[in-house]
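Below: the structure, in structure tokens.
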Amino acid sequence: MYNSKIIGLGKYVPDNVVTNDDLSKMMDTNDAWIQERTGIKERRWVEKGSDDTTATMGVKAAKVAIERAGIDKDDIDFIIFATLSPDMYFPGPGVQVQHALGIKTVGALDVRNQCSGFIYAISVADNFIKTGMYKNILVIGSELHSFGLDKTTRGRGVSVIFGDGAGAAVLTREENNSKGILSTHLHSEGEHAEELVLVAPGMGKRWVSDIIADNDPNDESYFPHMNGQFVFKNAVIRFSEVIMEGLAKNKMEVSAIDMLIPHQANLRIAQFIQKKFKLADDQVFNNIQKYGNTTAASIPIALTEAWEEGKIKTGDTVVLAAFGSGFTWGSAVIKW
Ligand code: UT7
């Protein structure tokens with residue numbers, strides 16, 4: 001059995017900065033509320049008419065990650081793409097990446113685990129590499145939320161939180177079993193599937209032809225719905241549990257963490273975890289202030305920025321953790 005390690009990281013965010021004040025011109029909200037409840041100051045939203053899509057942003061992030069990995073695109077054996085906002089309902093964006101990068105006909109897998117998507121994706125990649133099935137895997141998390149948000153006061157509890165962007169990582173085989181990804185931990189609790197949900201265009205509730213025939217301007221099923229407080233309460237519990245699970249598996253104490261990269265859901269959640277685990281400011285990386293919650297892209301964007309800023313060094317213990325819609329949650333413990 002091998003280990004896997006991350007050898008290249010990249011990110012891409014659209015140029016268009018949307019501040020909280022910009023949002024207050026669209027809906028009844030304000031900078032003070034958003035900052036106090038979420039920590040977010042601004043986010044990036046793709047502008048109408050731009051070429052940016054979930055797939056193309058993923059490709060841009062992937063190109064940076066591949067270049068930094070120092071490998072040729074043709075050395076990639078497999079692609080995994082995590083998103084909740086694909087360009088098309090099907091096929092998923094994995095195949096768009098294969099085509100856009102001009103990679104030979106390797107497999108492309110789409111992961112649909114929302115905020116936990118990147119953790120699920122690197123867990124799959126890690127295990128394909130561990131067994132020797134593949135050597136180099138490209139993992140992408142990308143989201144274009146802004147086109148699908150309800151930007152009226154009705155949707156303010158959700159729409160002020162989410163941002164657009166993409167992050168990518170190249171994973172490769174590591175012969176030394178004490179280096180690279182040490183373990184990953186995945187969980188779900190489908191009982192709460194509808195607490196954070198986008199119902200349409202799923203086939204579970206109604207015929208698409210009926211939705212079209214109804215043509216109801218008040219139909220909210222195409223907008224994400226979130227029971228914010230309930231999600232928040234579950235998030236703080238599951239984040240803590242799954243971080244502890246990862247540490248216990250590797251016989252580590254909390255003090256072993258050099259860098260915790262939590263999914264950027266809400267700054268208050270990250271601060272709660274930091275306080276609970278008594279971590280110093282330089283042991284937890286947050287950038288939700290600049291980008292909002294970019295769901296499957298949030299961890300790879302944050303990981304890339306932390307690495308670019310020299311906050312992750314060889315030998316560091318890096319812990320990734322996420323929680324979100326499903327509910328799904330997970331963690332990864334990495335020896336960098
Ligand atoms: O990434 C996946 C996982 N997601 C999460 O973990 C998110 C978890 N949840 C949260 O982050 C928070 O619950 C929110 C940020 C979504 C909401 O914060 P909250 O402190 O839970 O606020 P609330 O939903 O309880 O709403 C409080 C008040 C309400 O008004 P009333 O009923 O007290 O008069 C809302 O109508 O704030 C109002 N409100 C707003 N006011 C201004 C809701 N959204 C807004 C807004 N601007 N954007």
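When segment 194-231 is filtered for residues that are over 21 Å from the mean Cα position of the chain (by Cα), among the polar types (S, T, N, Q) and surrounded by 15 or more Cβ atoms within 10 Å (Cβ to Cβ), only Ser221 remains.
Please verify whether Ala69 is open to solvent by less than 10 Å² (accessible area, probe 1.4 Å) and outside the structural domain of Gly228 (by TED's automatic domain parsing), treating the condition exactly as stated. Taking the combined requirement at face value, the residue does not satisfy it. Restricting to segment 298-312, and then to whatever is of a type in the set (Val, Ile, Thr) and assigned to a helix (DSSP H, G or I), can you tell me which residue is farthest from the chain's Cα centre (by Cα)? Among residues in segment 298-312 that are of a type in the set (Val, Ile, Thr) and assigned to a helix (DSSP H, G or I), the one farthest from the chain's Cα centre (by Cα) is Thr304.
Ile80 meets the conditions (1) closer than 29 Å to Val17 by Cβ; (2) within 19 Å of the chain's Cα centre (by Cα); (3) of a type outside the set (Ser, Thr, Tyr); (4) open to solvent by less than 20 Å² (accessible area, probe 1.4 Å) in every case but one. The failed one is (1).
In this structure, Glu241 does not satisfy being out of contact with any Asp or Glu (no Cβ under 9 Å at 6 or more places or on another chain) and either of a type in the set (Phe, Trp, Tyr) or more than 16 Å from the ligand (Cβ to nearest atom) (or both). Scanning segment 263-283 for residues that are in contact (Cβ under 8 Å) with a residue 24 or more places away in the chain, at negative phi, outside any helix (DSSP H, G or I) and more than 10 Å from the ligand (Cβ to nearest atom) turns up Phe277, Leu279.
Scanning segment 48-57 turns up one or more residues that are more than 16 Å from the ligand (Cβ to nearest atom), under 15 Å from the mean Cα position of the chain (by Cα), of a type in the set (Ser, Thr, Tyr) and open to solvent by less than 10 Å² (accessible area, probe 1.4 Å). Within segment 203-211, is even one residue within 14 Å of the ligand (Cβ to nearest atom), assigned to a helix (DSSP H, G or I), not assigned by TED's automatic domain parsing to the domain that holds Lys151 and not basic (Lys, Arg)? There is no residue in segment 203-211 that is within 14 Å of the ligand (Cβ to nearest atom), assigned to a helix (DSSP H, G or I), not assigned by TED's automatic domain parsing to the domain that holds Lys151 and not basic (Lys, Arg).
Residues that are among the hydrophobic types (A, V, I, L, M, F, W, C), farther than 19 Å from Gly165 by Cβ and outside the structural domain of Gly117 (by TED's automatic domain parsing) occur at least once in segment 313-320. The residues listed here are Asn250, Asn266, Asn287; of these, the one that is outside the structural domain of Thr172 (by TED's automatic domain parsing) and more than 30 Å from Leu149 (Cα to Cα) is Asn250. The residue pairs whose first member lies in segment 131-160 and is more than 23 Å from Ile299 (Cβ to Cβ), whose second member is within 16 Å of the ligand (Cβ to nearest atom) and of a type in the set (Gly, Ala, Ser), and whose beta carbons are closer than 7 Å, counting only pairs six or more residues apart or on different chains, are Asp150/Ser159; Lys151/Ser159; Gly157/Gly228. Annotation: Lys290 fulfils all but one of (1) over 20 Å from Met244 (Cβ atoms); (2) buried (at least 19 other Cβ atoms within 10 Å of the Cβ); the unmet one is (2).
For (1) touching a His at 6+ places or on another chain (Cβ under 8 Å); (2) open to solvent by less than 10 Å² (accessible area, probe 1.4 Å), each residue gets a yes or a no:
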{"site": "Lys130", "(1), (2)": "no, no"}
{"site": "Tyr134", "(1), (2)": "no, no"}
{"site": "Val139", "(1), (2)": "no, yes"}
{"site": "Thr152", "(1), (2)": "no, no"}
{"site": "Gly157", "(1), (2)": "no, no"}
{"site": "Val160", "(1), (2)": "no, yes"}
{"site": "Asp164", "(1), (2)": "yes, yes"}
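Quick one: would you say Gln96 is at negative phi, in the same structural domain as Ile34 (by TED's automatic domain parsing) and not charged (D, E, K, R)? Answer is yes for this residue. Filtering Ala32, Ala125 for residues that are within 30 Å of Ile269 (Cβ to Cβ), within 16 Å of the ligand (Cβ to nearest atom) and not assigned by TED's automatic domain parsing to the domain that holds Pro201 leaves a single hit, Ala32.
The values are calculated or read from the model by the stated rules, or taken from the named source; none is laboratory data. Remember, predicted model here, so these are calculated numbers, not experimental data. Positions of Cβ are generated from backbone atoms using ideal geometry, with glycine treated the same way; all protein chains shown enter the neighbour counts. Protein only, heavy atoms only, side chains kept; ligands, DNA and RNA dropped before computing areas. Shrake-Rupley method; radii C 1.70, N 1.55, O 1.52, S 1.80 Å.
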